[in-house]
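One structure is given here, and the rest of the page talks about it.
The values are calculated or read from the model by the stated rules, or taken from the named source; none is laboratory data. In this text the structure is predicted, and so the values were computed from the model without any measurement. Quick reminder, even Gly has a Cβ in these numbers, built from the backbone with ideal geometry, and neighbours come from all protein chains shown.
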Amino acid sequence: MLRIEILRKDTLFILLHMKKNDIYIIHGTRYKELTKELLEAANLAEDIGDRKKKIALKPNLVCAKDPSLGATTHGELLAGTIEYLQEHGFWDITIMEGSWVGERTGASFKAVEYGRVCDRYNVPFVDLQKGSSHAHDAHGMSIQVCDAALAVDYMINMPVLKGHCQTTVTCALKNNKGVIPNSEKRRFHSMGLHKPIAHLNTVVRNDFILVDNICGDLDFEEGGNPVVMNRILGFKDPVLCDAYVCDCMGYSVDDVRYIRLAESLGVGSADTSKANLIYLNEDTLDKSRFQMTRRVKALAQFTEPKDACSACYGSLIYALDRLNDTRGLPRNARPVCIGQGYKGQGGEIGVGSCTACFGKSLKGCPPKAIDMVKFLEENWL
Ligand code: SF4
């Protein structure tokens with residue numbers, strides 16, 4: 001995996017043209033501005049091309065929960081994307097989504113306060129639960145897809161990076177379940193989700209993927225245990241996106257069957273070793289803007305953070321959750337150190353290059369959760 005650091009915006013915007021194996025990463029809490037900076041760096045306007053194109057934003061509005069709980073896409077990402085598009089001369093913009101079965105999309109729309117975004121930028125919202133749909137041949141599987149979603153010229157998929165009770169992780173590929181009618185969502189569940197999700201992605205658009213990695217849930221799509229990462233990610237390839245999400249949450253790509261299936265159907269590549277990681281700024285210190293829930297606190301008690309960056313610390317929480325699931329965490333284990341406060345200091349065990357002087361330390365800035373899992377299995381448990 002190639003890591004490219006870009007901290008100077010002035011050179012960045014002239015030189016870069018986003019490729020399918022690029023992953024753009026930006027950190028911080030100014031979510032709207034960071035969204036615009038990422039889209040500028042990825043040169044989205046050039047990728048879209050014709051200013052007359054119909055563009056849709058597809059957030060995750062799975063249920064009526066505030067984004068701070070880890071289930072739904074933050075409105076600031078929509079606001080930043082719309083501002084960017086309008087400033088570049090794109091005016092045919094729609095937000096569209098259909099919540100999961102059992103929740104009215106209208107209730108979710110109110111809970112996340114997207115009405116303000118729609119009013120401010122004069123952008124309509126389309127409730128896909130109410131629209132028409134037709135069957136399409138999705139690489140040998142007939143799937144009903146909402147007509148409105150297939151009528152656009154450019155789709156910006158805006159999932160939340162989070163855990164899922166059935167598929168373990170959810171991000172770009174599964175977020176597209178929001179563009180099928182409720183009857184089809186039920187059928188997907190009866191088929192075990194993986195195969196139909198992979199096939200669905202052979203017919204729906206994934207022109208750009210803007211991932212809300214601000215505080216996605218530990219392991220449940222409905223939220224409740226947010227893990228603060230304060231990151232926004234950009235991809236062109238939905239399969240690469242979901243494979244990278246596995247790395248970030250401590251899973252192997254093979255743990256999430258629909259990723260390999262989608263890859264075999266030609267949707268994209270799951271090979272993260274060939275990805276270019278393009279960091280647009282440095283990670284930010286975790287100021288614990290969000291309260292930890294009891295479950296996250298229970299994992300955090302195995303850590304000793306000192307000025308840890310948000311994404312680095314969030315990765316450690318995901319890694320500890322994986323270890324807890326597979327082996328259980330020993331009550332009397334010595335805490336795992338993490339954070340810039342350990343630079344140049346000695347200690348027993350730590351993760352991240354800030355703890356390089358420790359007896360046992362995992363390299364990386366930040367290290368991936370999947371690597372933390374392996375390192376802690378071998379050196380800590
Ligand atoms: S290794 Fe240190 S500087 Fe790098 S992300 Fe982790 S805490 Fe931040």
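Is the stretch 103-114 home to any residue that is surrounded by fewer than 17 Cβ atoms within 10 Å (Cβ to Cβ) and at positive phi?
Yes, some residue in the stretch 103-114 is surrounded by fewer than 17 Cβ atoms within 10 Å (Cβ to Cβ) and at positive phi.
Scan the stretch 13-54 residue by residue and report those that are of a type in the set (Val, Ile, Thr) and under 22 Å from residue 248 (Cα atoms).
The answer is 23, 25, 26, 29, 35.
Could you pull out the residue among 364, 346, 314 that is outside any helix (DSSP H, G or I) and closer than 21 Å to residue 230 by Cβ?
Sole residue among the options that is outside any helix (DSSP H, G or I) and closer than 21 Å to residue 230 by Cβ: 364.
So which of 150, 173 ends up being crowded, with 17+ Cβ neighbours inside 10 Å, of a type in the set (A, V, I, L, M, F, W, C) and modelled with pLDDT of 95 or more?
Just a single option satisfies the conditions, and that option is 173.
Tell me the residue from 364, 339, 314, 350 that is farther than 30 Å from residue 67 by Cβ and either within 16 Å of the ligand (Cβ to nearest atom) or in contact with an Asp or Glu (Cβ under 6 Å, 6 or more places away or on another chain) (or both), please.
350
Please return the ranges of strands (runs of 3 or more DSSP E) entirely within the stretch 138-208 where 3 or more residues are in the same structural domain as residue 45 (by TED's automatic domain parsing) and over 28 Å from residue 81 (Cα atoms).
Result: 141-146.
Of these, 358, 302, which one is modelled with pLDDT of 95 or more, within 16 Å of the ligand (Cβ to nearest atom) and over 21 Å from residue 283 (Cα atoms)?
Among 358, 302, only 358 is modelled with pLDDT of 95 or more, within 16 Å of the ligand (Cβ to nearest atom) and over 21 Å from residue 283 (Cα atoms).
Residues checked against (1) under 15 Å from residue 167 (Cα atoms); (2) buried (at least 24 other Cβ atoms within 10 Å of the Cβ):
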{"residue": "187", "(1), (2)": "no, no"}
{"residue": "192", "(1), (2)": "yes, no"}
{"residue": "197", "(1), (2)": "yes, yes"}
{"residue": "215", "(1), (2)": "no, yes"}
{"residue": "222", "(1), (2)": "yes, no"}
{"residue": "240", "(1), (2)": "no, yes"}
{"residue": "256", "(1), (2)": "yes, yes"}
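List pairs: first in the stretch 291-316 and over 20 Å from residue 330 (Cα atoms), second among the polar types (S, T, N, Q) and more than 16 Å from the ligand (Cβ to nearest atom), Cβ under 9 Å, 6+ apart or cross-chain?
If the second residue must be among the polar types (S, T, N, Q) and more than 16 Å from the ligand (Cβ to nearest atom), the pairs left are 292/225; 293/225.
Given (1) in a helix (DSSP H, G or I); (2) away from the ligand (no atom under 16 Å from the Cβ); (3) in the same structural domain as residue 175 (by TED's automatic domain parsing), identify the lone condition not met by residue 248.
All conditions are met except number (2).
If a residue must be modelled with pLDDT of 95 or more, closer than 20 Å to residue 63 by Cα and not in a helix (DSSP H, G or I), how many such residues does the stretch 105-129 contain?
Qualifying residue count, the stretch 105-129: 5.
Here is a check on your reading of the model: is residue 376 under 23 Å from residue 25 (Cβ atoms), within 16 Å of the ligand (Cβ to nearest atom) and not acidic (Asp, Glu)?
no
Restricting attention to the stretch 280-299, which residues are within 16 Å of the ligand (Cβ to nearest atom) and at pLDDT below 95?
Hits for the stretch 280-299 are 281, 282, 283, 284, 285, 286, 287, 288.
So how many residues does the stretch 341-366 have that are in contact with a helix residue (DSSP H, G or I) (Cβ under 7 Å, 6 or more places away or on another chain) and either closer than 15 Å to residue 304 by Cα or buried (at least 18 other Cβ atoms within 10 Å of the Cβ) (or both)?
Residues in the stretch 341-366 being in contact with a helix residue (DSSP H, G or I) (Cβ under 7 Å, 6 or more places away or on another chain) and either closer than 15 Å to residue 304 by Cα or buried (at least 18 other Cβ atoms within 10 Å of the Cβ) (or both): 13 in total.
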